[in-house]
Ligand code: ADP
Ligand code: MG
């Protein structure tokens, strides 16, 4: 792991734009694991990343179906393990997730760390203010591992607009 990047977004669209900037660095086989409480903005981040990857249809939370797939510059797979009963249910998805030719986003990835590849980008989103759950600012912590560490300078470059913004 190289250093984590922590950025503040002030509304959902900024979170989507930040995610789209991250998506510009995505390569086949990448896994991006999202954590943060309900309503933190995990799905919002995936929506922005999918948009950045050229997905043209609306991305909605796969909470009840576990996984949805989209066609973009790369195939995009969106997993949400919030309602997962057994780890085996993820394994049963087989080649659909964590495949070498797709990019896989996992909401609540921290709940299934054992199943995630070590080479990944962790994205943790938290409310930035103590002013209540409706306040729009979020702190987004990006922690690169493996091949993402090798891309961390590029990541820093892509996130320039946010790195110069208000701190978290
Ligand atoms: P999660 O998937 O983590 O449960 P969602 O992305 O579904 O969260 O929902 C996040 C909610 O918070 C949305 O209603 C969104 O409009 C709102 N929101 C407010 N500010 C932000 C922000 N800065 N970034 C992301 N979402 C935000
Ligand atoms: Mg969600």
In segment 31-45, what residues are crowded, with 22+ Cβ neighbours inside 10 Å and closer than 15 Å to residue 120 by Cα? 31, 32, 33, 34
Those residues of segment 15-57 which are over 17 Å from residue 150 (Cβ atoms) and out of contact with any helix residue (DSSP H, G or I) (no Cβ under 8 Å at 6 or more places or on another chain), in sequence order: 37, 38, 39, 40, 42, 43, 54, 55, 56, 57
Only one of 110, 119, 95 is more than 19 Å from residue 21 (Cα to Cα) and out of contact with any strand residue (DSSP E or B) (no Cβ under 8 Å at 6 or more places or on another chain), namely 95
When segment 130-168 is checked residue by residue, the ones that are part of a loop (DSSP other than H, G, I, E, B), within 11 Å of ligand 1 (Cβ to nearest atom) and surrounded by 14 or more Cβ atoms within 10 Å (Cβ to Cβ) are 136, 137
When segment 93-110 is checked residue by residue, the ones that are within 27 Å of residue 37 (Cβ to Cβ), free of Cβ contacts under 8 Å to residues at least 60 places away in the same chain and surrounded by fewer than 20 Cβ atoms within 10 Å (Cβ to Cβ) are 93, 96
Can you name every residue in segment 46-71 that is at positive phi and away from ligand 2 (no atom under 16 Å from the Cβ)? 54
Would it be correct to say that residue 111 is out of contact with any helix residue (DSSP H, G or I) (no Cβ under 8 Å at 6 or more places or on another chain) and within 16 Å of ligand 1 (Cβ to nearest atom)? yes
What number of residues within segment 72-92 satisfy the criterion of being surrounded by 14 or more Cβ atoms within 10 Å (Cβ to Cβ) and within 14 Å of ligand 2 (Cβ to nearest atom)? 6
(1) more than 25 Å from residue 153 (Cβ to Cβ); (2) outside any loop (DSSP other than H, G, I, E, B): which one isn't true of residue 40, the others all being true? (2)
Please name all residue pairs, on different chains or six or more residues apart, with Cβ atoms under 9 Å, provided the first residue is in segment 22-41 and is touching a residue at least 60 places away in the same chain (Cβ under 8 Å) and at negative phi and the second residue is within 14 Å of ligand 1 (Cβ to nearest atom) and part of a loop (DSSP other than H, G, I, E, B). 33/108; 34/40; 34/41; 34/108; 35/108; 37/133
Please work out which residue is farthest from ligand 1 (Cβ to nearest atom), limiting yourself to segment 48-81 and to residues that are assigned to a strand (DSSP E or B) and touching a residue at least 24 places away in the same chain (Cβ under 8 Å). 69
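The numbers here are math on the coordinates, done by the rules we state, and not lab data. Please read these numbers as outputs of a predicted model, since none were measured by experiment. Every residue, glycine as well, gets a Cβ built from its backbone with ideal geometry; the counts of neighbours run over all protein chains shown.
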